[in-house]
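A quick write-up on the structure given underneath.
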Amino acid sequence: MDTLTEAAGMNGVDMTHLPSVFELPFSSLHMGGVTALACGKIEITEERITFPLLDSLGEGITIDMETSQLCTYSLLDGQELQSKGLVKQGEDPPSSVLLLWVSEEQAQQLRTDLSIILLGTCPDEDSACVCLYLHECVLRVEQALLASVMDIVGLRHGNQQLLSPLKADESLLALRTAGDTHLLRLLAPQHAAHTHTHTHTHTHTHTRSPTHTPPAAQDEAQASAATQTESIYTLLHSRHQGRYSVRVTKPGPEWVPYKHRGPTRRLIQFPPPPCKGSIAVTTEDLECLDSGQFLNDVIIDFYLKYLLAEKTPKDLQERCHVFSSFFYKQLTRRDNANEDSTSTTAEHRRHQRVKTWTRNVDIFKKDFLFVPVNQESHWYLVVVCYPGLEDPRYEPFDGPAVVRESGEQSSGEPQAQPQLQAQEAATDTPASSDADKETNPTEDSTPPLPPDCTEKTCKKSTICKRPCILIMDSLKLSIHKRVVKLLREYLQVEWEVRRGASRDFSPEVMLGSSCKVPLQDNSSDCGLYLLHYAETFLKDPVVHFELPLRLERWFPRQQVRRKRDEIRNLVLRLCRFQSGMMGNVVPRGTPASH
């Protein structure tokens, strides 16, 4: 339940009390050799699945089943069915097939219901799978929405099998293992005959539900059921919501690198209309959240905007400004032919390209500016702190850690200030030397300690707010000198244009510092770390700026590893809401009329 609550809390909606509904048009239901025609759409909620059917007299009637009795499921399109031989020879495959494996108790109830509404029929007692022929091929976004509902059901009832649907080969194996000859005969007679000759060699102690089939037995049966003759095997690595599974399997000739089929579709706009500055997330954008893929600028911009609007306390929200990922690209692009490079300086030309980006905001009244940067296909985060300050400011602080240990803290400004001034003197860079040198003293051998500089952890009664440019990079190899220099120049010109006066933003005033932060352990998660740096900062902002910031133990890596699934689930939940599938429940921060 904690996992469900955590997932639901991502968009401010209590999913545990939300009647999520997913509808699919279907043509017929098949179970145990009995076929019932449809008279409406399947409705899938967190509590039950409802099937509207025609009875023997042609009248509409509904039967339903509890989702707590659902073991696992499979959604196969016509192309998959044909490639796996799950279609009668000479017949066109159905557009899509939804297979639902249920508990023995639920299977018995469904068989009884079918025998009542279809007079004279008697579904086979060996069948525990419901086969539904769908009207149309289910689009990828609809598959994702169905998977999202199943995720909620699985988490609610503690059923791990619902967190990942069975593939075509696994579905065939499950039907053969359970001896469901009626469905095999319906889909592919050759498989039914093969099953018929072998089911008598097995004892009936096997559970019909694939949920209870031992994993080792599944793998062994999978290998024996392979139809390819080439003795080439591959490791199939799957990941879902932080859970990994690896198995040996034979690749079929139809295996090709996945590519989105059909036109790109918009999933959400955030914030939704009529809010200005909305970001549209499409099906193509969602694919960059797959394991091993680099995040694109759309996902970066969407999640940063979402964090500021939905996950940041109101008082801090008003003190922060998030730039688009395109801001730094536009600031640093090459001059166009029509840009006058003779009468204007390079820094003024760069500012001219982005001057309209802040026409509705005074960045010098903000405490923190978040700038996502992509440098040579590597993402990292830059945080400009207190751009309106010209000198460090020392203030009394009474955060929760100070209150807890007030008896152990030193008091008064005179003690804290000399230490900070000494640190500042040690880290300042003379203007005559490299203007972009960052405040990184020699590494020491002491193990990293938990952060002691944030709002919740700082124990100092006096804190320092200082103007600085913080670099949060999950790789040690990146060079940030030019980034810091260009942002200083931008701030200087912005001040001149907005305030009508000059101000010094030299390295002595606006320090540049690389923070010691958790580092990525692969080659593709830099964008995720950027987002998690921002999210952690907004949840518990830094209040004491004794540079460089020691944040090595800011958060565990496991939180970042879960982030792909968290963001994907967030997009799909917002998609369900914006598609009208969430009723009248409105996430926090969204206008009630929309």
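The values are calculated or read from the model by the stated rules, or taken from the named source; none is laboratory data. If you're wondering where the values come from, they're calculated on a predicted model, not measured in any experiment. Cβ: placed from backbone, ideal geometry, glycine included. Neighbour counts: every protein chain shown. For the accessible areas, the whole protein counts, side chains as well, though only heavy atoms, and no ligand, DNA or RNA atoms are used. Shrake-Rupley method; radii C 1.70, N 1.55, O 1.52, S 1.80 Å.
Summary of computed values
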quantity	calculated
Residues of the range 359-378 classified as open to solvent by 10 Å² or more (accessible area, probe 1.4 Å), not hydroxyl-bearing (Ser, Thr, Tyr) and not in a strand (DSSP E or B), total	9
Residue count for the range 446-473, restricted to those that are within 14 Å of Arg550 (Cα to Cα), assigned to a loop (DSSP other than H, G, I, E, B) and open to solvent by less than 30 Å² (accessible area, probe 1.4 Å)	4
Complete set of residues in the range 317-349 that are more than 24 Å from the chain's Cα centre (by Cα) and within 17 Å of Asp540 (Cα to Cα)	Glu318, Arg319
Test: residue in the range 159-174 that is polar (S, T, N, Q), at pLDDT 85 or above and outside any helix (DSSP H, G or I)	yes
Qualifying positions in the range 329-344 - under 19 Å from Val483 (Cβ atoms), open to solvent by less than 60 Å² (accessible area, probe 1.4 Å) and not aliphatic (A, V, I, L, M)	Gln330, Thr332
In the range 288-316, the residues that are crowded, with 17+ Cβ neighbours inside 10 Å, without any contact (Cβ under 8 Å) to a residue 24 or more places away in the chain and over 17 Å from Ser377 (Cβ atoms)	none
Flag for Arg568 being within 15 Å of the chain's Cα centre (by Cα), open to solvent by less than 20 Å² (accessible area, probe 1.4 Å) and within 30 Å of Glu142 (Cα to Cα)	no
Test: residue in the range 18-27 that is at pLDDT below 70 and either part of a helix (DSSP H, G or I) or not hydroxyl-bearing (Ser, Thr, Tyr) (or both)	yes
Hits in the range 140-154 - residues which are in contact with a Lys or Arg (Cβ under 9 Å, 6 or more places away or on another chain) and open to solvent by 10 Å² or more (accessible area, probe 1.4 Å)	Arg140, Val141, Ala144, Leu145
Yes/no for Thr454 being more than 32 Å from the chain's Cα centre (by Cα), within 30 Å of Ser524 (Cα to Cα) and at pLDDT 50 or above	no
Extreme residue, nearest to Ala178 (Cα to Cα), among residues of the range 114-139 that are assigned to a helix (DSSP H, G or I) and open to solvent by less than 30 Å² (accessible area, probe 1.4 Å)	Leu114
Hits in the range 294-322 - residues which are touching a helix residue (DSSP H, G or I) at 6+ places or on another chain (Cβ under 7 Å) and part of a loop (DSSP other than H, G, I, E, B)	Phe294, Leu295, Asn296, Thr312
Near pairs, Cβ below 7 angstrom, 6+ apart or cross-chain, from the range 379-398 (part of a loop (DSSP other than H, G, I, E, B)) to any residue that is of a type in the set (Gly, Ala, Ser) and surrounded by 16 or more Cβ atoms within 10 Å (Cβ to Cβ)	Phe397/Ser461
